[in-house]
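Taking it in order: structure first as structure tokens, then the write-up.
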Amino acid sequence: TMASWFLEETDDGGKPAEDALQTAFLSVRDHEAVLRGLAAGGPGKGGDENSRLESLPSEFAPPVSVRLAPPERVIALDLIHTGRDQGQIKKVLAVFAYLCDEITELSDMAEGDFFSELVMFGHPPVGEEEEEGGGGSLPGGVLEEQLGRMLPLLQELSNFVERCHAVAKNLVQQLAGLYSGGLGGGPTGNPSFGGTSSGVNLYRSTFQFVHLPPVVAALAKLLATLVALDACLERNEKLAQAWAGYKRMMQFVRETPEAYGSSSAQVSAFEKLLVRLDQTVMRGRAFQACVEQDYETATDHHPDEPARVEVGGNPFVLAEVRHGIKAKLEKIGAAVGTNAETDERHDLVGFTALYVLFRRLCPAREKPEHKLYAQLWALQTKVPVVPLDPGGSVPWFLPDFLEAHLGRPDSPGPAVLEAGQTRQGRGSSTSGSG
């Protein structure tokens, strides 16, 4: 047994537990020695003054950071146990679990691979602003050269945005197929979700009375990632300037491709790539394109399954999304500014974007619910601004975002800030609200 294992003695008279403790103690002691060496002068530098950690400028980030998110080492399917008679429910939970995991990975990828590069493009290194003159302006042609070296990253970003669009569409269709109420039209690749008698019975027996807030929250998180990418692109004026200059430069390359070591066919293919990047990334419309895509056309559907998925005309799935938005807005309003606040401010970005998608999915003949929109609009008094990137240099303003996509509500109330005031005089409000 486990208890006897700790008490058993080894051949040399010791005990396994004592040996494990001694090994851990030696490991801690060696690590402390390494840390003392770093503080004293850095590894292999012999205490050189230039290698001391204390000599780093204050504008540099700390050399050590802590990642609080625990890595998941268990397959999601192994965590789902519904019994032998509940195979359909297990299939539903597995689909949503994997979609939520992929959205988490996409969000981490955007924050780790794209945000900083988009924000810092074109900015000279620290200490070189005065050398280059003009408040940090770069000589002619340097921005275009930097953009040329950045094209592989932009291509990866374009693929990333398209994947986000596909995942958002898949998740919406999965929800629509589950919350169908017998309307039919299950999503692609899931004959058990709606459109069949088993799918209808599953909804009526189980999910008619069940909400899936983690799934709705995952969709909001994905949309928030697209909003942040758009904001990073729009915020960096040098990136837009370099992109415009690079496209002008391509006009000369098109006229005389041989002078640049290329051919007409290669230039034509390269220009098609630039057009694709311009449409998917550089216009800053990744979120808008996600909202405006067709959520009712099934992709790669089985011949025996319907080619369309009922989303806009499905009151059950719209009610589920609305319930998720309303419940989250109530939690955000109650938590912001209190000791219980955690990530509610960043959650507001995603659920505001989700509300824009919700309005887009609703039938045009239906009049929007004023109460829910007014509740969302009024949250600007508690959350006037939200930083979107890790460095806090890309702000997001709730009323500006809503006006750009939905317009103002009919009667926002006397406590609501005017949209024209959103970018002025809000520094004290932000710091004062925590």
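Odds and ends about this structure:
- Any chance Ala378 is under 28 Å from Gln293 (Cβ atoms), at pLDDT 90 or above and in a helix (DSSP H, G or I): no
- Residues in segment 220-240 that are at pLDDT 95 or above and polar (S, T, N, Q): Thr225 only.
- In segment 241-257, the residue that is surrounded by the most Cβ atoms within 10 Å (Cβ to Cβ) out of those that are of a type in the set (A, V, I, L, M) and within 30 Å of Val349 (Cβ to Cβ) is Ala242.
- Leu318 vs. criteria open to solvent by less than 50 Å² (accessible area, probe 1.4 Å), among the hydrophobic types (A, V, I, L, M, F, W, C) and free of Cβ contacts under 8 Å to residues at least 60 places away in the same chain: yes
Here's the yes/no breakdown for (1) touching a strand residue (DSSP E or B) at 6+ places or on another chain (Cβ under 9 Å); (2) surrounded by fewer than 17 Cβ atoms within 10 Å (Cβ to Cβ):
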{"residue": "Lys221", "(1), (2)": "no, no"}
{"residue": "Val227", "(1), (2)": "yes, no"}
{"residue": "Leu239", "(1), (2)": "no, no"}
{"residue": "Ala259", "(1), (2)": "no, yes"}
{"residue": "Gln266", "(1), (2)": "no, yes"}
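- Taken as a whole, the structure places Tyr203 among residues that are in a helix (DSSP H, G or I) and touching a Ser or Thr at 6+ places or on another chain (Cβ under 7 Å).
- Sole exception among (1) more than 29 Å from the chain's Cα centre (by Cα); (2) under 30 Å from Glu145 (Cβ atoms) for Ala307, by number: (2)
- Only one of Glu344, Glu418, Glu369 that is of a type in the set (Asp, Glu) and at pLDDT 90 or above: Glu344
- Just so you know, in segment 332-375 the residues that are open to solvent by 70 Å² or more (accessible area, probe 1.4 Å) and in a helix (DSSP H, G or I) include one that is nearest to Arg408 (Cα to Cα), and it is His370.
- Of the residues making up segment 390-398, at least one is touching a residue at least 24 places away in the same chain (Cβ under 8 Å), of a type outside the set (Phe, Trp, Tyr) and surrounded by 19 or more Cβ atoms within 10 Å (Cβ to Cβ).
- As a summary of the residue check, Gly284 satisfies the conditions (1) touching a helix residue (DSSP H, G or I) at 6+ places or on another chain (Cβ under 6 Å); (2) part of a helix (DSSP H, G or I) except for the one numbered (2).
- Against the list (1) out of contact with any helix residue (DSSP H, G or I) (no Cβ under 7 Å at 6 or more places or on another chain); (2) open to solvent by less than 70 Å² (accessible area, probe 1.4 Å), the condition Glu234 fails is (2).
- Where a residue in segment 351-373 is more than 16 Å from Cys290 (Cβ to Cβ) and in contact (Cβ under 8 Å) with a residue 60 or more places away in the chain and its partner, wherever it lies, is open to solvent by 10 Å² or more (accessible area, probe 1.4 Å) and not in a loop (DSSP other than H, G, I, E, B), with Cβ under 8 Å and at least six apart: none
The values are calculated or read from the model by the stated rules, or taken from the named source; none is laboratory data. These numbers come from a predicted model, not from an experiment. Because the Cβ atoms are built from the backbone with ideal geometry, glycine has one as well, and the counts that use them run over all protein chains shown. Heads up: the accessible areas ignore ligands, DNA and RNA and are worked out on the full protein's heavy atoms, side chains in. Shrake-Rupley method; radii C 1.70, N 1.55, O 1.52, S 1.80 Å.
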